[in-house]
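Asker: The following block contains the structure, expressed as structure tokens.
Read-outs throughout are calculated quantities, based only on the coordinates presented, and are distinct from any laboratory measurement. If you're wondering where the values come from, they're calculated on a predicted model, not measured in any experiment. Every residue, glycine as well, gets a Cβ built from its backbone with ideal geometry; the counts of neighbours run over all protein chains shown.
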Amino acid sequence: ASDHGYTAAAFHSYCDGIAPLFLVIRASTGYVATAYTVVPFTSIYNYKSAPSGYNWLNRLYPSGYQTTKWTNSNPTSIYDSPDYGPTFGAGYDLYIPNNFDTQTGYSNPHSYNIPSNTALFGSYNTWTVLDMEAYAVVPPPFIPPPGTIPTGITYSQSSVYSLNTAATASDMQNNTA
């Protein structure tokens, strides 16, 4: 956010269409939390679903506090609006507004499994975002050990990595997969 802007438009211009997406958010209360989604934001003015347990929210800081991971129990895991920053959960368990460095966000326990007496940023709605970083989560490239692939054979990708299926590769001679 400090590099590209504290607006919903800036967030969506860089993050729409990217999944999985991992966010690190530092609030004005001194707290740091993370958010993770397996479904992309696309600015559709509607809820989007992920299987239960796939998306999560997590409070990381202040020190001395046990890290708490909140997983989605309701498949309605994000609210996808171009007018809001990242928003998670059917009841806006995490809501980051437009102009999130000056407007307060809130965390409202609703559709994520939240441990008792836990607030992402220390309070319900007395915080703004000091900074936010977004990371695209991509599987690492497979680099075979030296000497395991014969030379002189052309390889092609036969499928794409997803949450439910493994990617495979086969050589053009169809003798391995």
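Asker: Would you please give the residues with an amide H less than 5 Å from that of Y106, counting only those at least 5 places away or on a separate chain, with H modeled from the backbone geometry?
Answerer: Hits under the 5 Å cutoff: Y95.
Asker: Suppose each label sits 7 Å from its Cα in the direction of the beta carbon; what would the T29-N99 distance come out to in nanometres?
Answerer: Reported label-point gap for T29 and N99 is 2.3 nm.
Asker: Figure the gain on full extension for I44 and T71 (residue separation times 0.36 nm, minus the Cα-Cα span) and round it to one decimal in nm.
Answerer: This chain segment gains 7.4 nm when fully extended.
Asker: Given H placed on each backbone N at 1.01 Å, which residues far from G85 in sequence or on other chains put an amide H within less than 5 Å of it?
Answerer: Close amide H contacts, sequence-distant or interchain: I96, N98.
Asker: Can you list residues whose amide H is under 5 Å from Y54's amide H, if they're 5+ apart or on another chain and H is modeled 1.01 Å from N?
Answerer: Sorted by chain and number, the residues that satisfy this are N72.
Asker: HN-Hα J couplings of region 76-81 from phi, Karplus 6.51/-1.76/1.60, θ = phi - 60°, integer Hz, Gly and Pro as x?
Answerer: 6, 9, 9, 10, 10, 10
Asker: Please list, in order, the residues from region 122-140 whose amide nitrogen is less than 17 Å from a point placed 7 Å along the Cα→Cβ vector of H110.
Answerer: Residues 124-126 fall inside that zone.
Asker: Taking θ = phi - 60°, what integer Hz values does the Karplus form 6.51 cos²θ - 1.76 cosθ + 1.60 yield along region 125-133, in sequence order, with x for Gly and Pro?
Answerer: The phi angles translate into 8, 10, 10, 10, 8, 7, 6, 9, 10 Hz.
Asker: Sticking with this structure for a sec: How would you order 29-40, 8-19 from highest to lowest mean count of nearby Cβ atoms within 10 Å?
Answerer: In descending order of packing, they fall as 29-40, 8-19.
Asker: So the label point goes 7 Å from the Cα of D16 along Cα→C-beta, right? Which residues of region 24-50 then have their backbone N under 11 Å from it?
Answerer: So the set is 41-45.
Asker: At 7 Å along the Cα-to-beta-carbon direction for both A9 and I143, put a label point, then send me their distance in nm to one decimal.
Answerer: Result: 4.1 nm between the two label points.
Asker: Which ³J(HN,Hα) values in Hz, rounded to whole numbers, follow from the phi angles of region 39-47 under the Karplus curve 6.51 cos²θ - 1.76 cosθ + 1.60, where θ = phi - 60° and Gly and Pro get x?
Answerer: Here the 3J(HN,Hα) series is 10, x, 6, 9, 6, 9, 6, 7, 6 Hz.
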